[in-house]
Each structure stands twice: as structure tokens, then as C-alpha cells.
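The values are calculated or read from the model by the stated rules, or taken from the named source; none is laboratory data. From a predicted model like this one, the values you see are computed outputs, not experimental measurements. Here the Cβ positions follow ideal geometry from the backbone for every residue, glycine too, while neighbour counts run over all protein chains shown.
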Amino acid sequence: MAPGVTVVQLTDVTKRYQSGEGTIEALSGVDFHADRGEMVTVIGPSGSGKSTMLNVIGLLDTPTEGTVQLKGTDVTAFTEDELTEERRSVIGFVFQDFHLLPMLTATENVELPSMWDTGVDRRDRAVDLLRRVGLGDRLEHTPDELSGGQRQRVAIARALINEPDIVLADEPTGNLDRDTGETILEELTALKTNEDVAIVAVTHDDQLVAYTDRVVELVDGEVSA
Amino acid sequence: MAWRNLGRNRIRTALATLGVVIGVIAIASLGMTGAALQQQADTNLGSLTNEVSVSGGADSDVDGVTAAQLDDIENVVVDGAIVPQRSDATTLSTRSGDAQRVTVTGVTDAAALYETSAGRAPSRLRTGALLTDDTASDLGLEIGDPVEYDDRLYRIVGLVESDSGFGPGGSELVLPIDAVAEGDAEYDSVTILAEDGASATAIADTLEAEFNDEDDEELSVSSFASAQEDVDNFLNTLNLALLGIGSISLVVASVAILNVMLMSTVERRGEIGVLRAVGIRRGEVLRMILAEAAFLGVLGGIVGGVLSIGVGLVVFDVLAGDRLLVFGWPSARYVVGGFGFAVGASVLSGLYPAWKAANDPPVEALRG
């Protein structure tokens, strides 16, 4: 681990949860890290624990065992409110289903994570980000007026509004056709350099592998190779 | 944000708001009706509350008040005008053939008892007469005209207001006390005029103590002050009961809002999950949803309040004859109260859905 460069570090992380048939171990002793300026792709068959791992990295879930460190700080035992703060300022999310709010315009959707911050106006940054992802002429459109690829680009811009250190993408090209998927991946690649962020993408689309700096394979909750 | 969320399903929002509107109208209108009734009762009874009426008691030997009893009364009552009376009835007729039945009251101190709309009421009535103004106009009589009673003529010196007193004005002819013959006792009744309702009640109590005990009622003492108090108490209770019923409709509206808010947050589960994932705090989500509920209450409260004032204008016009009274505080406070209740009830209804949504783990919300 290189201090100042490593954004997130998982050490010996195990995640177990109760289900109808008993206890399921989604992650077993997983070690993982992601540095600034690199894109790491996590691949694996469905059920391998990829989504769980992304949730743990994204502080949406806490590990049963092991530690999670964000920018050098151990956040494993943080309270819900503390975790929320970290998500707000350090992490950006891009989801497979885009998850934009239907009654807000593109600009408002991008501003969303900062909307509750009093005294802060991120409108200029929102407009700038939308321009950079090529949506300068769609600022006032609502999601139903945008194509799938455009919506994902809005989601990417939203992920960047609070100047995060890491962007997490869950199947970012899952709902897009090949060409649009390529555009999005180029977008993300430009991001990691220009914004100096770490990108962790979870996918089973080989397309991503071509753009990625490092591949981590998860099988049955364990990292292989 | 809250406003836009409500706008997404306008019909649902409108229906929930309608429930609040009806609740507010119910409370405010019932409250204002009660206030109007009370206003009217005060007006009608108000002019009588400072009077104490004394007449022959159930166990008295005579049907009336004797001179001796009057002396006692004058000794005991120091702060009021004491007016002994004799009563009779007669038919007044005019040359043109009109006739009307009138009660005849014989007094000396007419000034203490009567308000004149024309002419004067002497405090020592010796030769003139007073007539109620409605009767006078019915019979075509004016000040200065003569009236006949018991084969004697009396000149009208004043006209008495017909609608002083409770109920529709009676027809009354007021004559000097000696013009009316004695009944069973020297006087048929005695009216005492006190300063206000409180002193009237005090005087009535004093007279009761002086003349009556448990099994012997020498004089019948009644004062309208206690009657008015009884009426006031009754109206108060009635008002509270009506408000209670009106409140039920607002409770029903709250249940509707609870339902609407629950449905809306369940529908938006994924969105709320996204908000939480991108770092919106639980408290901020809670406040957003509470704001939606509060908006429903405020919107319904305002519309309901305005409509209630409309209802109030009609109510006050019909019951109290003065529609502007609806803006006075005794009536307006129900509109304000209805509005406050609406907003409060709406926010309360929103608490559970808001809390539930805010504490929904984002991982689950995003999955579903």
C-alpha cells in the first residue's frame, strides 16, 4: 500500500449474512486495494460476491470480519452517519440502472448529492461536468428525454460532483449497447486521469478489460490470482 | 424537492389535500357556528342580565309583594334601583277601529325600566303614559295622543323600544302606578335594576336569604344573570361537543395522509436508496418526507381556511345578522385553530413513513 496514493484498502474482509438456508459467506478473507489514477476491474461469475464487495468498498455494507481503510483511515467501525459523510465526500457511484431521479433535469440530477449542503452552490461545476461528458446541450432535459448512454453519462457526472477520490461502477455498461458502452468506457478512462480518481468497476463484460489497468477475479467470495 | 415529489402524482396529492380541506372546514365551521350562537344569546339576554324580578312566592299568603315586604327589600338592597309594579291587561282601540291587546304596567320610576325611542320616560310618572313603539305605529298613535284605560285618559309622553328584552317585543302600555288597581297585594311584582350581572346575582342571593328558606318561599326571586350563565355553559358544552365531532373528520384526513405518504415512500424506495448511497444523511431524508406531509397540511389548511371563512360569513349572517363578526377573534380563532391542527396532524402522520424511509438500509432499497 502506497500512502497518499491508495484510496481504498480491504484487509482480510469476510462478509457473512443469514439467509433462509442458513449462513452464507459472500466474501472470505478478501484483500483488495485501489490507487489513484488506476481503473481496477473486478470480474467473476454471478454469485461470486462482486456486488457485495462493491457494497463494502462503497461503505454501504460493513464487513463481518476484517478492516476497510479509506484514504488511510480505518472506517470499519464507523457509525451510519459517519459512513454517510464519507460516501458524500469521498465516493461516487455509477449504477447499472443509472438511478436518476425522474422529475429532475440533468443538471439537477448531477447536483443532487450536494443539494442539501447549505451555502454551497455546485451548479457551475455540474454544468461543467455535463459539458465534459458531452451533454452541454442537454442540461435541462429530464431523464425520459435522454437515451441510455446519455443517462449513464449524467450518472457519471453526478458521481463526480463532490470531487470524490474513488468512483465505483456496478456494471456500468450492462444496459447499453456495444458502441455506447465503448463511449462510456472512454469517458471513465479520461476521468481517472483528469480527475485523479481511482475507479473500481464490477462487471462480467469483457469489453472493460481492454480499458482496465488491473483485473481482480472473484470466485466464490475469494480472490484468485 | 418535496414540492416536486408531490407533483408527481397530482391526483393522489389532491385527494389527500381534499381530506384535510374537509376536516378544516368541519372544525372551523362548527366552531364559528358555536361562536355565532353565543354572540346571539349574549345580545338577546344581555339587556336583561342586570335585572332581578321579585313576585309572590309559592308559600306566600298573597299573590304579590306587600308594602311591608317592599320596605324590607328597600332596607336590604342598597345598590340598585327598586321599581315596584302593578300589572293588568287591556285592549286599546282607536277611533278608526283598530284594536290591540296590550299588557298594562303601572310604575312610578319609568326611567329606570324603559328605554325610549322617542319622547321621554319620567322617573316620576304621574300623569303621562308610555307605549311600545310598534304598538303605537300599528294603531296610528303618536306622542301627545290620548289613550283610554279604566275610563280615564292619559297622554302619551314617550315611546318604548319594542325589542328590548328577550324574544319578540311585546305590546306594553306604561301608566302611573296609581292608575292601576291593586291586586291581591299592594304590588304585583318588584323589579330591581343592578349595575351588572354579578351584582344582580348578589342581590338575588341576598333576597333569597332574607325572605325564603327551605320549606317556605315567601317571595319568588329570579334573575336572568344566572339564566344567562346557564345558557352560556350549555352553549360552551355544545360547542365543545361539535368541535369534537369536527375533529374526527380531521383525524380521518390524517389517516389518509399517512396512507398516501406510506404508498409514496414505498414506491420511491429505489430513489431514496440512491439518495442515501450518494451521501444524503438519514436526517435529511426524514426532513424531505416530513416536508411533503407538511405541504399537504398547509395546502389543505389554507384552502380549508378560506372556504371556512365563506361558510362563516353565511352562518353569521343568518344567526347573528352581522356577517363581519366572522372576522372577530372569538370566531376567527377557529379558522386559525383548524389550520394549525391540519398542519400538526399532517406532520404527525408523516413521521412514521419518513422515519421508515430514512432508516431503510440503502443496500436493500437499491436492490428492490
Handout entry: Any helices (runs of 4 or more DSSP H) falling wholly within the stretch B:250-368 and containing at least 3 residues that are outside the structural domain of residue B:240 (by TED's automatic domain parsing) and among the acidic types (Asp, Glu)
Key = none
Problem - Set A:66, A:47, A:72, A:22: member being more than 19 Å from residue A:155 (Cα to Cα) and in contact with an Asp or Glu (Cβ under 7 Å, 6 or more places away or on another chain) - result: A:66
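Yes/no per residue for (1) over 19 Å from the mean Cα position of the chain (by Cα); (2) at pLDDT below 90; (3) surrounded by fewer than 20 Cβ atoms within 10 Å (Cβ to Cβ):
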| site | (1), (2), (3) |
| --- | --- |
| A:5 | no, yes, yes |
| A:8 | no, no, no |
| A:20 | yes, yes, yes |
| A:24 | yes, yes, yes |
| A:44 | no, yes, no |
| A:66 | yes, no, yes |
| A:77 | yes, yes, yes |
| A:90 | no, no, no |
| A:103 | yes, yes, yes |
Problem - Residue match in the stretch B:15-25 (condition: among the aliphatic types (A, V, I, L, M), within 20 Å of residue B:319 (Cβ to Cβ), assigned by TED's automatic domain parsing to the domain that holds residue B:329 and at pLDDT 85 or above) - result: yes
Exercise for the section: Check the stretch B:62-73 and report whether any residue there is without any contact (Cβ under 8 Å) to a residue 24 or more places away in the chain, more than 30 Å from residue B:300 (Cβ to Cβ) and not in a loop (DSSP other than H, G, I, E, B). Expected result: yes
Completion exercise
When restricted to B:17, B:33, B:13, the only residue among the β-branched types (Val, Ile, Thr), closer than 29 Å to residue B:345 by Cβ and within 14 Å of another protein chain (Cβ to nearest Cβ) is B:13
Problem - Check on residue A:132, closer than 20 Å to residue A:198 by Cα, out of contact with any Gly (no Cβ under 9 Å at 6 or more places or on another chain), more than 14 Å from chain B (Cβ to nearest Cβ) and surrounded by fewer than 19 Cβ atoms within 10 Å (Cβ to Cβ) - result: yes
Exercise for the section: Sort through B:220, B:162, B:199 and tell me the only one that's farther than 30 Å from residue B:345 by Cα and part of a loop (DSSP other than H, G, I, E, B). Expected result: B:162
Practice task
Count, please, the residues in the stretch B:260-286 that happen to be more than 14 Å from every other protein chain (Cβ to nearest Cβ), touching a residue at least 12 places away in the same chain (Cβ under 8 Å) and either over 24 Å from residue B:345 (Cβ atoms) or surrounded by fewer than 21 Cβ atoms within 10 Å (Cβ to Cβ) (or both).
Solution key: 2
Problem - Check on residue A:199, closer than 23 Å to residue A:58 by Cα, more than 13 Å from chain B (Cβ to nearest Cβ) and at pLDDT below 90 - result: no
Handout entry: Residue match in the stretch B:281-302 (condition: closer than 28 Å to residue A:84 by Cβ and of a type in the set (Asp, Glu))
Key = yes
Practice task
Read through the list (1) in a loop (DSSP other than H, G, I, E, B); (2) within 20 Å of residue A:125 (Cα to Cα), then give the number of the only condition that residue A:154 fails.
Solution key: (1)
Practice task
Name, by its number, the condition in (1) within 14 Å of another protein chain (Cβ to nearest Cβ); (2) touching a residue at least 60 places away in the same chain (Cβ under 8 Å) that does not hold for residue B:223.
Solution key: (1)
Handout entry: Qualifying residue in the stretch B:1-13 (condition: surrounded by 15 or more Cβ atoms within 10 Å (Cβ to Cβ), among the aliphatic types (A, V, I, L, M) and at pLDDT 85 or above)
Key = no
Completion exercise
Checked the stretch B:77-120 for anything touching a residue at least 40 places away in the same chain (Cβ under 8 Å) and not in a strand (DSSP E or B); matches are B:77, B:79, B:80, B:94, B:96, B:98, B:108, B:110, B:112, B:113, B:114, B:115
Problem - Single match in B:106, B:97, B:119, B:64 (criterion: under 34 Å from the mean Cα position of the chain (by Cα) and on the phi > 0 side of the Ramachandran plot) - result: B:119
Handout entry: Residue check, residue B:285 more than 19 Å from residue B:13 (Cα to Cα) and modelled with pLDDT under 90
Key = no
